[in-house]
Structure formats: C-alpha cells, structure tokens
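So the structure is just underneath, and the comments pick up after that.
The numbers here are math on the coordinates, done by the rules we state, and not lab data. Computed from a prediction, not measured in an experiment: that's the story for all the values here. Virtual Cβ from ideal backbone geometry, glycine too; neighbours counted across all protein chains shown.
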Amino acid sequence: MPFVSEPIHIELLERRIDRLRGELRRAATTGDRTMARALRAELRQAEHAWDDALADLEDQARPAPQPVHKPMLSIREQVHHALTLLTVPAAPKLIIAVHDAFFPGELVAARLTSLRRDEERSFRVQPFGRPYYLCPALTADLLSPARGLLALSTWPLEIRVVGPLSARVDFLIGAIKVAQRVAQLPEDAHDAQRLLWRFAASIPGAGSAGITPSSVAELAQAELDVHLEADTADRTAAASRAQERLDGSEALFGARLQRLRRTASTT
Amino acid sequence: MDPLVDRLDRIRGTVAPRNHNARTIAALTSNPGCGRRGLMDAAGVNKGAVAGQLGFPAGFGQSRFAIARGNAFEAQVKADGAAELLQLLRDRLGLAIPEVAYDDLSNVGGNASREVRYARTKALLARAASERDDAGTLFDHPMLRLEIAGYYAYLEPDLIAFRAGGKFHVVEIKSFAVIDGQADPGKTAAAATQSAVYVMAMRELLAELGHPPESVSHDVVLVCPENFANRPTATLVDVRKQLTVLRRQLSRLTRLESILDALPAGLSFDLAYDSDQQATRPADELRKAVSTIDARYSPDCLGTCEMAFFCRDESAGSTSALGRSVRDDLGGVESIGTVLGLARGTLTPGAGQEEIAGLLRFAHKLRTECLDGIG
Amino acid sequence: MSILTALARAEAVESGRAQPLTTVRHTHVAERPLVLVPLSLAGEAAAPLAAIVGTDPGEPRLLVVANPRDRTQRFDFVAELARVVLSYVDGCARSVDTGAGGTKLRYAEAPQVIVPNRGGVEFVRLLGRSTRFRRPFGPYPVHRTVPILGQWLTFLRERADHPGSSMLLAMTSVLSEHWATGQSGLEDANLAALLGWIDPPGDLDGAGAAALAEDPLRSPPAGPSTDPTFDNEILAPALAAVARSIDDFARERALAALTAAVADQMRPTWDLTWQAVRLLRTRPAGASVETRWAMDRDVFTMYHMALAEGTALPQPRRDSAVAAAGRLDRLEREQARYDAQRALDDPLVMAEFRLSGEAFTGTVVAASPNRVDTSGKKAALRPHITVQTDDPVRLEPGAHLVSPARLAQQATVVSVSSVDVVLELSKGMGRSTKQPAPGSVPEVGDRVTYGPVTDAYQPPGRFPSRDDTPWTHGGPPPVIEYHASDNDAVEDWS
Ligand code: SF4
C-alpha cells in the first residue's frame, strides 16, 4: 500500500481484523463450517499483515533475534536414552518426563508424533539398516501395535508384547529403575525427584512423606512380585505366538488386522 | 422394515440419523413432556440444523480450553496402566493389589469399525463376567450401544469399566474440580445422567450374554480433580434415579404412535440439501411442519435443546415462557393477555378460574395502590 | 416468587418495560463501590484470565494473565488484584464513624464490591479459597498480599450469604430484587438482557434490547465464563501468539493484542455495571437501609481489627456440622428480619404479606384509646382499635404486629373476623399510664397497615454441642479446633 502511511495502514488492518473476527464468530455460532474456515484463513492473513506492518514500524529498535539452540542429540537418540533407562515400553508422556528429568536438553513433544512413522518407513527402505528402531509395543492378543506405547527393537519380544497386566508391571519396573537412578544423584536433583514422587504416589505405601528412593524401589518390588509371574507367562506365550506368525517388519511394527485374520483362519 | 422406523425415516428426510452420544441421550430426559423434541430425537433429526434453517440458530458450543482440559486430565488419570486410577480405587474402594489387569478396548489392530469394536468389547466383558481368574479388571474405551427408537446408537465412552467383587462399575472421568468435597451441582448432575446412560448400555450388553442387570452396579465412580491441583479424587455416585428417568424416556420414544397418528401423513423435516450441502427447504414451510407438533417450552430449554430460540419465539405471550414457577404462581393460566384481563377485571373468569381471578384482582389492586403516584 | 411478582412480569411483557417490585431501594449503594468484572479460563477450577476492577467508571484497571495455566503468572495476577482490593479495603478503614453511640468503634465506611452476576460471586469464593492458604514462604511462595486478599475475599463471600448485607453484591440479583422483567428468571441472569428491560438503550423496548443482549458478539457475556466462539476464534490464537513470541518485541505486541481482545469482552459489562449503579442511586433508599449498612460496617470493623491484631478466626475449608447448622439458623432469622424491615419500608413489599394474610391494611372503625388493663400487678394503658379490612387476614389471636407508621408501638391481635381485626396496643404512647400521647393511637377513620414485627425475639435454634454431634452429621467432630496450618499452604496447586 504505497500511498497509505504505516499507521493508517495498521488502523485499516485493525478494522478489517475486527470485522473478520465478528463474521468468523458468527459463522462458528451458526455452524457454517465452510464459511468459518474461509474467514479463519482470511483473518490469519490479516493478522500476519498487521504483525508485519507493526514489525516494520519497530524495526529500527529491534535487535537481531537470538539464535535458537539446536538440540545436540536427535530425537530418536533422546527417546532411546529414556527407554534404555526404563527398560520397558512406555508412553510418550513418560518418555518425555524421564528424559527431561535425567538427561540434558529438552525433548520436544510435538516431534514425537511423527517419529514412529519415520522409523517404520526407514525400516522398509532398508531393513535393519540401523542399529535400533523405535517401534510400538505389541498387544498380546492381536499382536497389533499397542496404542501410544513405544519400545526398542533390540528388546526381546517378551518385553515388547504387552498383556493386560503388563501396564502395571512395566510401571512398577519403571519406578524401580527411576528410583535406582535417583539414588545415585545428588540431593538437589529436583526434577528427577519429582518424577519419582509421581511414581511413588501410585504405589501402595510409597506415597507418604519422607520416603527414600530405596524404599520406593522396595515397595514397588513388593507389588511387582504379586503380578510378575502371571504377566511373564502371558508375555512369553504371546511372544512365541508372535515368533511363529510375524516376520520382518511385522515383528517390529505389529500385525495388520487383515493379515491377522488370515493367519487366524489358517490355524 | 419396521413401520415406525420407516415413518421416522421419512420425517427425518434424506440425511442419515444424527449420531447420538451419552450427552445427547442424557438430554432426552431434560424435557420429557415435549412431544416435538421426543419426535425429532426419535427420528434422529438434526435439531440444530432445523433451528438454523428456521432462522433461530442455537448458540451451543464448547470452548476448546474446556475440551483440552478434559482430555488432558483424562489422559493423566489413565496414564501408565491407569496408575493414578488404580491407586484411587485401592484407597477408596479397597481394590485388591492383584487386580491390576488393564485392557484397552479401542485396540483392535487397526480396524476401528464400531461393530468390530463392539464385538470385541462384548467378548472381553463376557470373559470377565464369567469370573475366570484372568478375567480382567479395567477396561478402557469400551464400545457400547443403546437402541434408540429402532436405531442402535453406538457410544464411545472415554470411560473405564472396572470390575471388582463380581460387579462392573462405570468409571467416569470429568475435569471439573471437587473443592473441599463439593462440586458444581449442575455438572455433577449432568455427569450422573451421562454415567447412567453407560450403565444402561452396559447392562444391555451383559443382558445379551445372559447376565442380570445387577452385574453392573448403579454406583458409578466419578473421578474429578481435587481442589486446585490435578490430583484426582473418586466419589461414588448412585444413579438409580437417573436410570429410572432414562428408561422411561427411552421407552416413550418407541411409543410415539399416538403422536404420529395425529400428524399429517407427508410431514417431513427434510432440509432439502442441494449438491453444495446448502439447505434449500423454505423456512415458512419448515416452520409449518415443525408447528404441527406440540411443544412444551420452558426457559430450561435454553440450556438443553437446540430448538429453544424457535420455541421461545413461538411461545411469546404465554406464561410458561416466563418460567414454570411464574406460570404456577399465575394459577396455570396460559396466556399473559388472560392474566392481565382477569387482574384488571376486564375479563370474566372461566370455569375453574374464579379463585385465581380473585387473587389476581387483589394483587392488581395492591400494585396499583402502592405504585400510584410513583414513577 | 409470588403472584405479585408474577403479575409484574406479565405487566412487563405487555408494556415492554420492566416493572418495579419495590417503591424504594433496599440495597445500600456505597459512595465509592469497587466494581470487579472477572473472566476465567474455561475448563479450569479457578484460573483467572483477566479482570477489570476499579472505583471510578472512567478509570477501569485492566489485569490480564498472559498464560492462565501458569502458576507463577496466576499469582502475579492475584498479587496485582490484591494491591487494588486491599488498598480499597484499607481505605474504608481510614475514618471512624463519630455518630455511633457507645464505646463501640465503627469505621465510617465499609467495602462494597460489586460483581456483575452470581458467577462473579462464585469467582470471588473460588479465588478466596485458592489463595487464603498460600504462604509467602515455603514450597510455592507467593506475594505477601496474596493470602490476605484470600481472607478478604472469603470474608466478603461469606457476607454475601447474609440477607440484607451489601458488602458483596451480584448486580443481577440486586436488580432482580427491584424490578420484574418480561422474561424468565433464568434469562435475568444475563446482566445486559436484564438491564435492557429496565433501562433500554435508545428507542428499543425491553424485549428488543434483551434480544440484542443475547447476541454474544454484540454483547459479550458478563463472565466469568467467556463465549466459546471467543475462546476458540480469538482467545486461543491470542494466547498462542504470546506463548510463541520469540523475543521481547513480539511478546509485547502479542500481549497488547491479547489485552485488547479481553478488554473488548469485559468493557461492555463494566459499563453496564456502572449504569446499573447509577440507576440504583436514582431510587430513594428505604428507611432501614442505613441500619443494615451500619451492621455491615460493624462486621467489617471487627474483622479488619481482628486481622490487624492477628486474632481473626480461621476460615476453615469446611464448617463442622454444628457450625453449619448454627449458621443456617442465623441466616434464616436474618432473612425474616430483612423481609420484615423491607415490608415496613415499602408498601409494595408489605403487599406481599397482605397477599399471604400476614399483614393487612384497613380503616379504623372503633378505638378505645384510654383502655386500661388492670389484670396485672400494675395497671397499664392498653388501647384497643378495630380495623375494618378487605384483606384476607390469616392471623391468630396473640400474634404480634407493628405498623410502619408507628414503629415503636406493639400491636397484639385480640380477635379476627371476616371483616375486621381487633388489636391491643402497647408502648409508644408517651409517659402517662392513663392517657396516650396525642396522635400515638390511631383514630377512627385513619387508614392503617399492620404487618410482621422486624425484631421479634426468636430464640436461636438449639444445636447439640460439639461432643454430641451425631456421626451422621459430619462424624465425631475433630478434637482440635481448626487452625490454618502450613500444611494448607503446601496443597498442590496447578
Ligand atoms: S426447545 Fe422446543 S422442542 Fe426443545 S424441548 Fe423445549 S419445547 Fe421441546
């Protein structure tokens, strides 16, 4: 807009943004999705233009933006660290918590989502081309990917398959590993301690104040002893079934239902 | 085909019936006396779209912050094999330590069709109900269904069915806070009604397997954040009353014949969508169709029914538009004109109106006496 | 609700304007009230998003939380709010009421906090609850003023339960007590709609103004809940922009945009609330308004001094069963007194009692002003009057009544027939035991009204002592009295 000075330009934009906002909310209220989508796009555009216009105004005073720190490790390495510490399949949330409590740098949650797909793709292109893959845990009954649980391809199948008791068993094992790790850390490792208390709160007897990492581990072990045998039996049985039925990428990334139906009907 | 279903299909028109969920089913109980709503819901009519086409769009919407908060809290309670939930159930309901089995029923190996998931839910719950040792304890995301006026409504509750002591319990996770032992009564009541829908659907499923209704407890476990922290707390809520209301209302939906018989044969709420998904049904024609069915508007509709703005407009000039209690105070007299006529003595009371007419005249006299000479 | 109110609503529908339910104003309106319009983030128990607060309609103070889910920022907001509220509260304690008799000290002012609606009152409760146990030291330290604000908010919220107290007012409730609209009570909870009926803008009628007020785009909800489309389309991107901003400049801009967006949502409500304040001020105050406000000031004075001296009673999370029952009993008696006071101040409120037969208006048809009762030890002047009335009187002989025209005089019902009531009068007739002071006894032909006594002595309900509380009512009471402890302060807060 060459003939309009910046401030006027901004004002015009503001008026336009106001109007668009009104129309957008009207459309959202009446449930007119198509219209809402179009208006939303238009609004974002206007807002960007407003941002830019304002930035131009401010430019003189503005120092160069700080360079963003790049993480030293790739995300798959970060996840690998966390899982290796836990020794059992875990959900992304827990992986992030463990990573952030014990390892330097920050694990960016948003980047976890595409991770599994990338791993599978990489495997298909060049099977076993990497020393390890991050793969989903497999459900014991259907041998299909378990929702939201990540495992390491280098683990034996008995660890990568999960039965009904496994969630609890793995939680307790995770608690023990975290407790052991915390015990080695200095007293002021607050993040790690907070993570441990989160575990402890859900372990019978461990939620009370003044408890030590080693007693958390003991109490977790005590409950673990109750479930371990049944869980191991489940998992071993499932693992041997998986050994028979799954091959190649399926053994890592899980059976697809189609194929499963077929195998089920032939046995 | 079932003639009732067939008739309802014609009333709805060319679109698929609206999907029910626990919230919409729970809403069925909010104004049970309204024939209009009963019929529209039974036929699966999209009331919001109809109201919009009539020029009275409903202002229902949910804030994304509320949705995000709900999802986050639920994920937290269910994380790591529902570790937090287990601890709660152990503390509050004395769940035994060995009872930790957790089955995620949304997991069916990639195929997520509702029928497949329902079948799997049924299989697992059947095994659990048969009391085997490895019968399982927590069942996440069961797929349930309820028959609503001839159609199966599939319910995909974010709930956990939990089995202990030979009974299933429904665990409902809600993100409104319980502060010092008290929660928002409106939200608690809504949660109870929704849980009742699930209890009912689970009972139906187990009944198909030959189990008695008591195998699903009428005490549901309501899990909410406590005070201002994210730590969950559990409360047992008895939903027997909600179950009764729900059962009555659902059975009523299938007994629509009396309403239907009184309606013109060609009645339809079809919005006549064109190829651009724009509704083309003329508003006054639609208005005529909707108006053939009696409604029972009350201001409570504003919070529960998408048709509310339309019905409110329609009932302008009636005492019920001012609220049930106002209407009751006015002796149930229907029209505001009549009320004022009786109060001013310009109308002669009809049969049965003598007493209220006397009161109204007295009230009118008092008001005039007191307000005379004041602005 | 009653038939009078219901009829007023019907009249409002017909006339297109709200109809008065009172002839005077029964609520105190302070010279300098503090108006508070809060907004909170949907889905959270007590996450303030923003507030407008201030004592001057032209000078709203806007407070915004850039990230409502962040504990530190929430408490920064609370500390800001505390500055405003506490300086207002302390300002009320600056001068002493010299007119108050006796040795009792009473501040000349008391805080009056006005929120738009019941939701605002609930916001005050939750914010008070979530802040009064915080501590300026320990695990999650907060600014020194935060717990003090919590105590004051809790105090104000508690006062709001007392009928006739004007320290914390929900404007919609105050307006609904004084006007009947042509819509339902449910719809009256919308301040803009309610005010639209009472004081419609331009040449609109009530219904038209209310219809406009229901459109969240023209008339944003009065909070604390925001409109969902505002949340989804405006607020969410604005909050995201703040969170995303890569440097101070971007952050400042994003904050400015966020602030403007929430200000847009609150400003109309702020203006409406002050419009309502002005409107209320135009109505003459009822005769007992000042008495009730003096009571508020007494309670305020006591709490303010107790806080200063560190002797204020703790505000437990929950009342014990006995305390709760005692409190309810007290509130019930206060309600009865409030109703009676208003009736004596206001014939239209008295009309409610006349409708129910607890009061009546009529003409004196016979009087024996010099009647002396000699049945007791001492002879006493006990005039009788007979009042003819059309009102449907439902009173029993022996009932005590009072007339708005003769508040010092007590009337006792002697007999009731279908056309008249005979009353025996005592007190308020001067010193003589033979002759009533001139004018102190109604004369034949006078028009009189008699209604319920305001301060009839009702013995307080009796409740079991702490030790005898049945377990069904809160279990055996704790042996130790409740004390706010540092344990409360470490309560998780996220
Ligand atoms: S809004 Fe209308 S259709 Fe809906 S329940 Fe009320 S009266 Fe019935």
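A few remarks follow.
- Total formal charge among the other residues, if their Cβ is under 13 angstrom from that of B:T346, Lys/Arg +1 and Asp/Glu -1: +1
- Residue among B:S217, B:V116, B:C370 farthest towards the positive dipole end of chain B, charges placed on Cβ: B:C370
- Partner shielding of B:33-41 amounts to 0, given as the average count of beta-carbon atoms from other chains within 10 Å of each residue beta-carbon.
- Charged neighbours of B:H364, selected by a Cβ distance under 10 Å, balance to +2 (K, R count +1; D, E count -1).
- Protection-proxy order for peptides C:306-314, B:196-204, each taking the mean of Cβ atoms within 10 Å per residue, highest first: B:196-204, C:306-314
- Evaluated with a Cβ-only charge set (Lys, Arg +1; Asp, Glu -1), the protein assembly as shown carries a dipole of roughly 660 debye about its Cα centre, given to the nearest 20.
- Placing a label point 7 Å from the Cα of B:A229 along the Cα-to-Cβ line, the residues of region C:44-61 whose backbone N sits under 17 Å from it are C:45-46.
- Taking packing as the residue-averaged number of other Cβ atoms within 10 angstrom, the listed peptides B:333-342, B:56-65 run from highest to lowest as B:333-342, B:56-65.
- Long pairs among C:K378/C:K434; C:K377/C:K427; B:K78/B:K174; B:K365/C:K427; A:K93/B:K187, criterion Cα-Cα beyond 21 Å: B:K365/C:K427; A:K93/B:K187
- If both residues of a DSSP beta bridge must be in chain B, then about 75% of such bridges are antiparallel.
- Between A:V162 and A:L138, A:T139, A:A140, the built amide H atoms are under 5 Å apart, and every one of these is 5 or more places off in sequence or on another chain.
- The packing ranking, built from the mean of other Cβ atoms within 10 Å per residue, places the peptides A:125-138, B:257-270, C:285-298 in the order C:285-298, A:125-138, B:257-270, highest first.
- Summing Lys and Arg as +1 and Asp and Glu as -1 over all other residues whose Cβ lies under 11 Å from the Cβ of C:S368 gives a net charge of +1.
- Charging the Cβ of each Asp and Glu at -1 and of each Lys and Arg at +1, and nothing else, the dipole of region C:1-148 about its Cα centre rounds to 560 debye.
- Projecting the Cα atoms of C:P369, B:A308, C:A213 onto the charge dipole of the protein assembly as shown (Cβ charges, centred on the Cα centre) puts C:P369 farthest toward the positive pole.
- Within chain C, no whole DSSP H helix has Cα atoms reaching 27 Å or more along its own axis together with a mean Kyte-Doolittle score of at least 1.0.
- When +1 charges are put on Lys and Arg Cβ atoms and -1 charges on Asp and Glu Cβ atoms, the dipole computed for region B:324-374 relative to its Cα centre reaches about 100 debye.
- Label positions at A:F128 and C:T291, each projected 7 Å from the Cα along the C-beta direction, are separated by 9.6 nm.
- Counting only residues at least eight positions apart within a chain, or on another chain, the lysines with an alpha carbon under 17 Å from that of B:K288 are B:K47.
- Remark: mean inter-chain Cβ contacts per residue of B:89-102 equal 4, using a 10 Å Cβ-Cβ cutoff to other protein chain atoms.
- DSSP-defined antiparallel bridges as percent of all bridges, region B:69-225, nearest 5: 65 percent
- Look at the alpha carbon pairs under 8 Å that are at least 6 residues apart: their mean separation over the length of region C:342-450 gives a relative contact order of 30 percent.
- Helix B:3-12 axis, angle to chain B major axis (alpha carbon atoms, nearest 10°): 70 degrees
- Within 10 Å of the Cβ of each residue in B:174-184, the mean number of Cβ atoms contributed by other protein chains is 3.
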